[in-house]
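> Have a look at the structure that comes next, please.
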Amino acid sequence: MGDKAIAIRSLPDGGTVQEKLSSERRHAQVLSEGQVAELAAMGRRIEAAAGGVPQDVEWCYEAGKLHIVQARPITSLYPLPGDPTGPLRLYFSFSHAQMMTDAMPPLAIDLWFWLLPMGRASLTGMPADAATQNRAMTEIGSRIYLEVTQGLANPRSRGPLLGLMGALYPQLNEALSGQIPRLGPSVPMDPTTKRGLFRFFAPVPFRLLKRLLFANPQQASAQATAALEAILSDHRAALAAAKGLAGRLRAARERLSVTFGILPTLAPYLGAGVLSQRLLRHFGVGEQSINVLVRALPGNVTTDMDLILADLADQVRAIPGLSEVLEQRGLSGAAEHPGSAPFLTSFQSFLDRYGMRGPGEIDLSRPRWGDRPESLLPMILGNLRGNQPIGAHRRRHADMEAEATREAENIIAATPFWRRPLMRRLIRVMRHHLAVREHPKYTLVRLFWDLRKVAFEAADFLLERGIFTDRGQVWFLSWEELEAAVEGRLEPSVVRGYIGQRQAEHLLNQRRMPPLVMASDGEIPTFGVRGDLPEGALGGIGASAGVVEGLARVVLDPGAEQLHAGEILVAPFTDPGWTPLFTHAAGLVTDVGGLMTHGSVVAREMGIPAVVGVTGATGRIRTGDRLRIDGSRGVVEILEKMV
């Protein structure tokens, strides 16, 4: 309170007087030791009476007697993971790593527990079941967190783990440095799990070297696609062969664990791309050149999708009056508009290929484009606002590809002749293998699309029997509970009780902001404040180099709001459901994100300046503000506020 600290003293006539506190009185202890102990005990009693929910308590002492003025639940605190009195544990937000920090319902979270069997016996070759449920992942506040306690406590694994986490979020090393001394000794991994991990990952280094040194880089995308298609085909075959609805639900769950087995096959592709990039840096290739080389990567499935959606905008440009019809009457109006047939055919073709995608797609409960085709229209119509010529996005992509080729030629020409074959090889390996980064998620969301169909089939079954009153209630059971409900092994009253309780929890958790990292005792490590920011500027992570000025457009839902061509996109986060906006955005600013999170990688490939991890950007920036963003330094300046 500084110089404004005051005390209010009661007068005999019932009045009060304010007194400015001296420096000594401001720092003097106000309560006696006994009063402090009494307050602490009262706080514990109030919390216990409220069912263990933390309470905001107002109190006072009068004539030496403690009075409680009021107590109300603290709903803004993020819930604690497990027992806060046990050994300290540290957790990292999987939701931040996936660039989707909204709350997820139980069925969507349970899906990830089966999909990523970290810490489960299935990793050692044993079948996964409820008794071997995931132990390295946990649900906290309707989000997924990864426990990193043992990895950080063990000196051998600490460095690689911090390196991996730092590649996502550079601030993590600083934030966790104060937490590591608080950890107890690491627990040795049991021999069975160790042998299972070795068998699982042993082939990866040899396959990585093969991809790096011998395999044809141009075939990387096709080969990775074939491996993933085989996994998807096996999963669909298992669903088709299952008997009855409960059988399909069980097959869907059990096959998720098998899907994890693709990792040893795909890891060498991604590893070869990352390793070749590091070797290029080692041989003296500068960061500016690397930024040029990673643009317009060949075979990136997400970039291809974005370009095709921009093609749809070009078709609208070429049909007189169609944009106005789409704006006013949507797709139903377009069907009656003369000359719109080619656009509608292409639009349906896009849905057939990409309808399983959408914003927040790691959450199985989120609607996809195939569920709500109209949600694609703001992206298409926003592309039209800048009066860009037809084909501008394709020419820009071709220009970036040509620029990357020229940069590669310049690098090779400046290299000693005896090293040129190696440099040429590394550049080709990097460009073709980094493009494969998007393949696993593309396959995963196609798998999710099949799982949504099975989940909705179960929802309709339970609706017909009066157990559900709404189709969306399906998201508030686990997969095993859903199977049990379909088979009649769960009483309808029990099912309804689960749903009611979890819907209330989910609604509460939606309003909470998840921390990037947290400890089991409730401590949330803080990140240092940068001291190199211009006055009034916002700091973040420079994720894609370049400086750009333009008008801000704050978009919270890409299916409901239009980003006009040439504007700077300001968003809470981005995933593949957002990237179609990148084709006509001048720059990108996000609340969360790191160097290797999805939006950062795609922004670099498209050559869009980007600053991510700007805390509270969507609340501090308004649509219409003029911004300057520096994607090299990680700085966002508000040059002019919207009036």
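The values are calculated or read from the model by the stated rules, or taken from the named source; none is laboratory data. What you see is a predicted model, and the numbers here were worked out from it, not measured in a lab. Heads up, the Cβs are rebuilt from the backbone with ideal geometry, glycines too, and the neighbour counts pull from every protein chain shown.
> Would you confirm, using the coordinates I've provided, whether Arg253 is more than 30 Å from Ala603 (Cβ to Cβ), charged (D, E, K, R), in contact with a helix residue (DSSP H, G or I) (Cβ under 9 Å, 6 or more places away or on another chain) and crowded, with 21+ Cβ neighbours inside 10 Å?
yes
> Mind checking which residues of the stretch 33-59 are assigned to a helix (DSSP H, G or I) and closer than 10 Å to Ala71 by Cα?
Gly43, Ile46, Glu47
> Next up: Considering only residues that are touching a Gly at 6+ places or on another chain (Cβ under 8 Å) and assigned to a helix (DSSP H, G or I), look in the stretch 348-378 and name the one that is surrounded by the fewest Cβ atoms within 10 Å (Cβ to Cβ).
Glu374
> Follow-up. Out of Leu183, Leu162, Leu232, I need the residue that is surrounded by 14 or more Cβ atoms within 10 Å (Cβ to Cβ) and within 28 Å of Ala543 (Cβ to Cβ). Which one?
Result of the check over Leu183, Leu162, Leu232: Leu162.
> When you scan the stretch 513-553, how many residues do you find that are more than 12 Å from Glu637 (Cβ to Cβ), surrounded by 14 or more Cβ atoms within 10 Å (Cβ to Cβ) and among the aliphatic types (A, V, I, L, M)?
Within the stretch 513-553, residues that are more than 12 Å from Glu637 (Cβ to Cβ), surrounded by 14 or more Cβ atoms within 10 Å (Cβ to Cβ) and among the aliphatic types (A, V, I, L, M) number 8.
> From the list Val292, Val274, which one is under 22 Å from Gly607 (Cα atoms), surrounded by 18 or more Cβ atoms within 10 Å (Cβ to Cβ) and not hydroxyl-bearing (Ser, Thr, Tyr)?
Result: Val292 is the single residue among Val292, Val274 that is under 22 Å from Gly607 (Cα atoms), surrounded by 18 or more Cβ atoms within 10 Å (Cβ to Cβ) and not hydroxyl-bearing (Ser, Thr, Tyr).
> Looking at the stretch 572-581, which of its residues are touching a strand residue (DSSP E or B) at 6+ places or on another chain (Cβ under 8 Å) and either surrounded by fewer than 24 Cβ atoms within 10 Å (Cβ to Cβ) or in a loop (DSSP other than H, G, I, E, B) (or both)?
Answer for the stretch 572-581, where residues must be touching a strand residue (DSSP E or B) at 6+ places or on another chain (Cβ under 8 Å) and either surrounded by fewer than 24 Cβ atoms within 10 Å (Cβ to Cβ) or in a loop (DSSP other than H, G, I, E, B) (or both): Pro572, Phe573, Thr574, Trp578.
> Anything in the stretch 266-290 that is within 24 Å of the chain's Cα centre (by Cα) and among the hydroxyl-bearing types (Ser, Thr, Tyr)? List them, or say none.
Correct list: Tyr269 only.
> I need the full set of residues from the stretch 610-643 which are part of a strand (DSSP E or B) and touching an Asp or Glu at 6+ places or on another chain (Cβ under 6 Å), in order please.
Arg626, Arg628, Ile638
> Also, quick follow-up: Go through the stretch 188-215 residue by residue and tally those that are part of a loop (DSSP other than H, G, I, E, B), surrounded by fewer than 12 Cβ atoms within 10 Å (Cβ to Cβ) and either modelled with pLDDT of 95 or more or over 30 Å from the mean Cα position of the chain (by Cα) (or both).
The number of residues fulfilling the criteria is 3.
> Taking the stretch 461-511 as the region of interest, how many residues are in a helix (DSSP H, G or I) and either under 30 Å from the mean Cα position of the chain (by Cα) or crowded, with 19+ Cβ neighbours inside 10 Å (or both)?
Summing the residues that are in a helix (DSSP H, G or I) and either under 30 Å from the mean Cα position of the chain (by Cα) or crowded, with 19+ Cβ neighbours inside 10 Å (or both) in the stretch 461-511 gives 28.
> Quick check on the stretch 136-159: of everything there that is of a type in the set (A, V, I, L, M) and under 15 Å from Gln98 (Cα atoms), which residue is surrounded by the most Cβ atoms within 10 Å (Cβ to Cβ)?
Ile144
> Give, as residue ranges, the helices (runs of 4 or more DSSP H) completely inside the stretch 249-330 that count at least 3 residues that are more than 30 Å from Gly546 (Cβ to Cβ).
The qualifying helices (runs of 4 or more DSSP H) are 263-282.
> Moving on to the next point. Does Thr615 fit the bill of being surrounded by fewer than 18 Cβ atoms within 10 Å (Cβ to Cβ) and either under 21 Å from the mean Cα position of the chain (by Cα) or closer than 23 Å to Gly273 by Cβ (or both)?
yes
> Let me confirm something: among Leu551, Leu588, Leu569, which residue is in contact (Cβ under 8 Å) with a residue 60 or more places away in the chain and either part of a strand (DSSP E or B) or charged (D, E, K, R) (or both)?
Of the residues listed, the single one that is in contact (Cβ under 8 Å) with a residue 60 or more places away in the chain and either part of a strand (DSSP E or B) or charged (D, E, K, R) (or both) is Leu551.
> Somewhere in the stretch 337-344, is a residue surrounded by 21 or more Cβ atoms within 10 Å (Cβ to Cβ) and assigned to a helix (DSSP H, G or I)?
yes
> If I ask for residues that are touching a strand residue (DSSP E or B) at 6+ places or on another chain (Cβ under 8 Å) and of a type in the set (A, V, I, L, M, F, W, C), which ones from the stretch 501-528 would you list?
Those that are touching a strand residue (DSSP E or B) at 6+ places or on another chain (Cβ under 8 Å) and of a type in the set (A, V, I, L, M, F, W, C): Leu516, Val517, Met518, Ala519, Ile524.
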